Structures are given as C-alpha cells and as structure tokens.
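The values are calculated or read from the model by the stated rules, or taken from the named source; none is laboratory data. The structure presented is a predicted model; accordingly, all values stated were derived computationally and were not measured. Note that each Cβ is placed from the backbone with ideal geometry, even for glycine, and that neighbours are counted across all protein chains shown. Accessible surface areas use protein heavy atoms only, side chains included; no ligands, DNA or RNA. Shrake-Rupley method; radii C 1.70, N 1.55, O 1.52, S 1.80 Å.
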Amino acid sequence: MADEVLLVEKKTGYHVLTLNRPDKLNAFNDDLHIALRAALNDVAADEDCRAVMITGAGRGFCAGQDLGERDFSQSDETPDLGATIEAYYNPLVRQIRALEVPVICAVNGVAAGAGANIALACDIVLAAKSARFIQAFAKIGLVPDSGGTWILPQLIGQARAKALALTATPVFAEQAEQWGMIWKAIDDDQLMAEAHKMMEDFAIAPTISLGLAKYAIHAAATNTYNEQLDLERDLQREAGSSSDYIEGVTAFLEKRKPKYTGKKDT
Ligand code: T3D
C-alpha cells in the first residue's frame, strides 16, 4: 500500500481517493495522473458509487506538478508544458466536473499550483483550518492552469483572482471560506470525520437530481438567463420523472425518511 501513488477505498455508497506521495506533498507525476484517471473512471462506471472524496496523505493535499520531473540539470531540452496540460491536467479537471456524482475535496493541508485548482474543480471543498491555497505558478514563471484562471474569478472576483495569480499569496482555509472560494474551513482534527459524514449523506441521496443540479450550475457559466430557464425546465422534467422524486414526495407526506435508490430508472 505504502508505495501506491493513489489509495482507493470503496465504502458503502462512495469511494475515497487519497493522493499518496506524502514526501512530495502529493505532487503529480505521470503515475499519479494515470492512477487518478482510472479511479475516477471507476467511479463513473460503478452504479453503487454515489459520491467520491479526494484527499491527500500526510501533511499536504497536493503541491501540483512534481518539479523533480522538470529538473533542468538533467536535461537541456525545454519540455512542452502545453503537452502535459493537454495530456493530463485538462482531462483531469474535465473528468472531475463531468462526473454525475458529487465530488468532495477534503483539503487536508497545503494545496499549491495545479493542486489548488484541482481542489477548486471539485463540487464541494472542505478544508482543514491549517490548509492553505497557493497559486504557486507565479513563483516559477508559469501561468495558473487546471482551470484556475476560469474558476478563481468566478468564485472570488477578478481583483482577488489577479492578486493571487500574480503574487502567489497563500490563502488560509478560513479566508477562503469567507471569500466564497471554498465551502467550509474545519478544525484539523474534525476534517475527515465531517467529510465522511457528508459522504454518508450523499450515499443515500437522490443522486440523479444532484447530478442534474451540478450540470445546470456549470451550464449557467455560458448560458443566458433565458437559456438557463429552459434548461431548468428540461432538467426538472427529467428529475420529476424519476422514482426518487416520487419517493421523496411520498416520504414527505408520510412523514418518514425517504429511501432513495440514486439510480436511473430503467
Ligand atoms: O510542468 C507541467 O507539466 C505544467 C503543469 C504545471 C502545474 C503546476 O502545478 S506548476 C506548480 C508546481 N508547484 C509548485 O510550484 C509548488 C512547489 N512547492 C512549494 O512551493 C512548497 O513546497 C509548498 C508551498 C507547497 C509547501 O511548502 P512547505 O514549506 O510546507 O514544504 P516544503 O518543505 O517546501 O516541501 C516539503 C517536501 O515536498 C520537500 O521535499 P524535501 O526537501 O523534504 O525532500 C519539497 O521539495 C517537496 N515538494 C513540495 N512541492 C513539490 C515537492 N517536490 C516536487 N514537486 C513539488 N511541486
């Protein structure tokens, strides 16, 4: 287990994916990219998986690209970073956003470079109070990637996004919460318990409607108001024809807890 770059735990109704290169603050090398892609594909294919948590082993969440793999003392060649973005980082954040189940990021420690923006690509970000988010790119002559230049201004506005991108100032979890960059800052010793509680709730939720809600919120970034209203109508039609909706209303009227299947009706 110790030498696996990604730990995968399959719980009842959800998967937990732990980035596991703690000596490097879980920085990404090719092996970690490949393992995470496969694990997320597995989440999408597993009918019984109704949410996924991404977290990190050790004291960091993720320090972005493993800079040891960009060691210029070992090579005269300038790497084509566009190629690694195309091959790995862009597919990863696209894959996270496209998943039809909630993706929860439990940021257990520092999230830097692509590590910060991968966290922000997740649907709900919980962070330990000691965790910090750093757009570290400016410190090494790079540009924020993994969707950072898109998601940051959406979440915290251009003024803050530009200052973070241009100065690489660390943002601690409580500040990130106050700015609306993340959902919640949590005492360090409570982070994982609270994250698992959230996962257990998602494991018995009306999963299809959550996926549709997520899709609608993403679509709002490019839709007009009228287009969005039309989309909501169509998605509500779809949600309203599900057995989970019937169960939700029936349980409410019968004053009992609903039992959702979270499955598409056949
Ligand atoms: O290249 C491409 O394909 C393009 C894509 C780029 C995407 C990117 O993510 S670019 C940005 C890359 N990341 C960074 O620039 C962050 C580099 N790391 C840091 O600035 C700091 O480590 C942190 C601010 C994240 C944490 O600082 P601190 O003081 O808490 O920890 P530390 O002592 O710096 O790091 C602990 C160990 O992790 C250390 O190893 P050692 O000395 O104990 O053997 C350090 O070298 C290692 N480490 C941290 N970040 C990386 C790393 N090793 C390789 N790559 C890293 N990114």
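General observations
- The condition of being under 15 Å from the mean Cα position of the chain (by Cα) and touching a residue at least 12 places away in the same chain (Cβ under 8 Å) holds for only one of Ala57, Ala44, Ala35, Ala27, that being Ala44.
- If the condition is being hydrophobic (A, V, I, L, M, F, W, C) and open to solvent by 20 Å² or more (accessible area, probe 1.4 Å), then segment 152-164 contributes Leu155, Ala159, Ala163.
- Hits in segment 1-50 - residues which are among the charged types (D, E, K, R), within 16 Å of the ligand (Cβ to nearest atom) and part of a loop (DSSP other than H, G, I, E, B): Arg21
- Scanning segment 51-68 for residues that are open to solvent by 20 Å² or more (accessible area, probe 1.4 Å) and within 9 Å of the ligand (Cβ to nearest atom) yields Arg59, Ala63, Gln65, Leu67, Gly68.
- Residue count, segment 69-87 (criterion: modelled with pLDDT of 95 or more, within 7 Å of the ligand (Cβ to nearest atom) and either open to solvent by 40 Å² or more (accessible area, probe 1.4 Å) or hydrophobic (A, V, I, L, M, F, W, C) (or both)): 2
- Glu200, sole failed condition from (1) under 25 Å from Pro91 (Cα atoms); (2) out of contact with any Asp or Glu (no Cβ under 9 Å at 6 or more places or on another chain); (3) assigned to a helix (DSSP H, G or I): (1)
- Within segment 133-145, if we keep just the residues that are under 20 Å from Thr55 (Cα atoms) and touching a residue at least 60 places away in the same chain (Cβ under 8 Å), the residue that is farthest from the ligand (Cβ to nearest atom) turns out to be Asp145.
- Taking (1) more than 28 Å from Asp46 (Cα to Cα); (2) exposed (fewer than 15 other Cβ atoms within 10 Å of the Cβ) in turn, Ile246 satisfies each apart from (1).
- Some residue of segment 116-132 being away from the ligand (no atom under 15 Å from the Cβ) and surrounded by 24 or more Cβ atoms within 10 Å (Cβ to Cβ): yes
- For segment 90-109, a tally of residues being more than 30 Å from Gly262 (Cβ to Cβ) and open to solvent by 10 Å² or more (accessible area, probe 1.4 Å) returns 0.
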